[in-house]
1. If the requirement is being assigned to a helix (DSSP H, G or I) and in contact with a Leu (Cβ under 6 Å, 6 or more places away or on another chain), which of these qualifies: A:GLY272, A:GLY283, A:GLY290?
2. Restricting to region B:172-193, name every residue that is under 15 Å from the mean Cα position of the chain (by Cα), β-branched (Val, Ile, Thr) and away from ligand 2 (no atom under 16 Å from the Cβ).
3. For B:ILE51, all conditions in the list (1) within 18 Å of B:THR79 (Cα to Cα); (2) more than 16 Å from the chain's Cα centre (by Cα); (3) free of Cβ contacts under 8 Å to residues at least 24 places away in the same chain hold save one; what is the number of the exception?
4. Being at pLDDT 90 or above, surrounded by 14 or more Cβ atoms within 10 Å (Cβ to Cβ) and in contact with a Lys or Arg (Cβ under 9 Å, 6 or more places away or on another chain) narrows it down to one of A:LEU278, A:LEU267, A:LEU240, so name that one.
5. Just to verify a result, which residue in region B:54-93, among those that are of a type outside the set (Val, Ile, Thr) and within 16 Å of ligand 2 (Cβ to nearest atom), is nearest to the chain's Cα centre (by Cα)?
6. Taking B:VAL25 and the conditions (1) more than 14 Å from chain A (Cβ to nearest Cβ); (2) at pLDDT 95 or above; (3) away from ligand 2 (no atom under 16 Å from the Cβ); (4) surrounded by 19 or more Cβ atoms within 10 Å (Cβ to Cβ), which numbered condition does it fall short on, given that it satisfies the others?
7. Tell me the residue from A:SER51, A:SER118, A:SER84 that is in a helix (DSSP H, G or I), among the hydroxyl-bearing types (Ser, Thr, Tyr) and within 30 Å of A:ILE176 (Cα to Cα), please.
8. I want to confirm something. Restricting to region B:176-192 and keeping residues that are surrounded by fewer than 17 Cβ atoms within 10 Å (Cβ to Cβ) and not charged (D, E, K, R), which single residue is modelled with the lowest pLDDT?
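The values are calculated or read from the model by the stated rules, or taken from the named source; none is laboratory data. The structure presented is a predicted model; accordingly, all values stated were derived computationally and were not measured. A quick note on method: Cβ atoms are made from the backbone with ideal geometry, for glycine too, and the neighbour counts reach across all protein chains shown. Note: areas computed on protein heavy atoms with side chains; ligands, DNA, RNA excluded. Shrake-Rupley method; radii C 1.70, N 1.55, O 1.52, S 1.80 Å.
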Amino acid sequence: MKLFSSNAGYFFKEVKTMIRLNLFSNSLTIFSTGLIFFILAMIISGWWVSSRVVDVVQKEAEINVYLDDEILKNNTAVIQMVESIKGIEGVQAARVVDQDEAYNRMVEILGKEASVLSKFDDNPFSSFVELKINLQEIDPVLEKLTHLVGVEHVRDNREVLERLRNIAEALRVVGILVVAAVGISTTVIISHIIRLGISNNKEQINTLRLLGAPELFIAFPFLLEGLLLTIGGGILAVSLATFSISYLYVQMAGPLPFIPLPPVKELVFGMGIVVMSLSAVLGFVGSLLGLVSVNNH
Amino acid sequence: MIKAKGVSLRFPNGTVAINNIDLQVEPGDMVYVIGPSGSGKTSLLKLFMGIEYPTIGSLEVLGQQMDKGQTSRIRQLRTSIGPVFQEFKLIKGRTVAENVMLGMRFLDLPQGQLKENAHDALAKVGLEHKASSLVENLSWGESQRVAIARAVARKPLLILADEPTGNLDKDNAINILELFKSFIDQKTSVIITTHATHLIDTEKHCKLIQMNKGTLSWERLG
Ligand SMILES: Nc1ncnc2c1ncn2[C@@H]1O[C@H](COP(=O)(O)OP(=O)(O)O)[C@@H](O)[C@H]1O
Ligand SMILES: [Mg+2]
């Protein structure tokens with residue numbers, strides 16, 4: 001351990017010299033790994049956002065039951081309806097959301113855009129019965145609700161949820177493929193540049209061996225070089241992705257105010273940690289591979 | 001310190017560079033190896049450093065048997081040797097001081113000792129003022145002295161110097177030989193190959209070995 005701590009300055013200087021002597025290949029490596037990690041960062045972020053949205057929407061799995069106008073006119077009939085809905089197996093709670101509450105909810109959802117509602121003379125929303133149910137029993141509950149007399153129609157968000165789930169799943173699969181591709185290409189790129197560095201420094205390596213330097217001491221600057229290159233690529237990717245995500249958030253906030261996006265800071269932070277640790281691991285593995293492949297020759 | 005019994009070195013192409021040599025070097029010995037070019041002087045030092053292995057015979061250096069298959073122990077052994085290569089083997093793109101310190105970085109020395117040893121060694125070879133020059137900007141003679149400084153700065157138990165005065169003028173050569181001699185008082189053994197027989201100090205305790213076509217043609221013990 002002392003070998004490393006007391007020589008830290010030397011190792012970094014060696015890496016600096018190696019990068020300087022081969023500036024073009026090294027810059028190209030940082031740039032290409034940066035680009036690869038950027039794609040990874042965007043896919044990971046997309047997957048994360050979609051799975052977060054699915055989580056949120058799933059928790060709010062809601063069923064709204066709209067009643068016939070006939071029944072709505074009669075308060076006791078409405079109360080009776082609510083009671084019989086409560087009696088359905090799987091329904092946990094049911095309550096009436098009246099016109100005013102429905103209106104206020106929409107105002108809250110629209111936020112700044114709520115002014116469009118003032119264009120209506122009358123309250124455009126009708127009252128409905130809101131249900132809380134066991135998610136597993138959503139199908140039989142819906143089945144029974146549609147057969148209930150006095151129910152005009154039933155609205156549920158199963159379809160939206162299903163579509164979101166598909167997107168999240170697709171992004172997950174693509175994400176796994178991309179991680180594999182990123183892993184392979186990064187290790188190949190890094191192991192190549194390390195091999196190049198080793199062959200450029202053959203004489204120096206040989207001299208160090210003649211002076212009795214341990215193999216680990218000789219190899220360490222190369223490991224460090226690979227690590228610094230991928231970390232450089234990672235930093236490039238994270239900055240680029242942070243910029244892109246912030247831009248996309250601004251773009252989406254306007255037309256899609258309903259989507260419960262995770263906070264941008266949380267997303268960028270999580271993505272940054274994943275990309276940076278992956279870049280460090282791949283840099284280490286890549287340079288190790290480069291070292292081993294040279295040693296076996 | 002060194003025990004060679006019936007050692008021969010035959011290269012794959014059939015050249016016999018060392019032929020049936022017996023030799024014993026004790027701590028604090030100063031040994032000059034002289035002989036014409038191609039007589040096997042460099043090959044002998046390569047055997048002592050474990051760059052080549054005896055094809056016949058047995059060789060022991062600082063208690064380590066020099067055999068193939070002992071590579072990691074021989075690597076460790078080299079940390080106790082101060083080698084001066086005929087072609088210097090300095091590391092380009094680095095300064096004189098860095099080259100000298102590089103020979104010590106993996107030895108178990110305290111951090112401050114590194115700079116101090118390097119500084120001392122450079123002073124002894126008269127190159128303090130070049131400490132921060134890049135080695136590729138040095139003359140042959142200066143490069144040779146850096147190589148010598150790198151070897152002695154590590155305070156080795158055994159100095160193996162291959163024609164260390166080959167590129168030096170007389171004053172510098174005498175100065176370097178004096179530097180090597182200062183080590184034998186600390187029980188370091190010094191083996192020097194050289195053409196410059198006229199510089200060899202005969203009055204001091206030293207061994208002289210004459211090589212010819214790979215054999216030890218005669219030997220004079222001091
Ligand atoms: N790697 C090698 N392969 C084959 N022959 C070699 C090799 N190295 C040296 N020789 C030969 O071994 C003999 C001794 O060489 P060397 O030890 O370098 O002599 P010296 O140092 O006394 O000039 C020479 O004939 C040389 O050509
Ligand atoms: Mg020679």
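1. A:GLY283
2. Passing the criteria: B:ILE176, B:ILE184, B:THR188, B:VAL190.
3. Checking B:ILE51 against (1) within 18 Å of B:THR79 (Cα to Cα); (2) more than 16 Å from the chain's Cα centre (by Cα); (3) free of Cβ contacts under 8 Å to residues at least 24 places away in the same chain, the one that fails is (2).
4. A:LEU267
5. Here the answer is B:PRO83.
6. (2)
7. None of the other options fit; the residue is A:SER51.
8. Per the criteria, the residue is B:GLN186.
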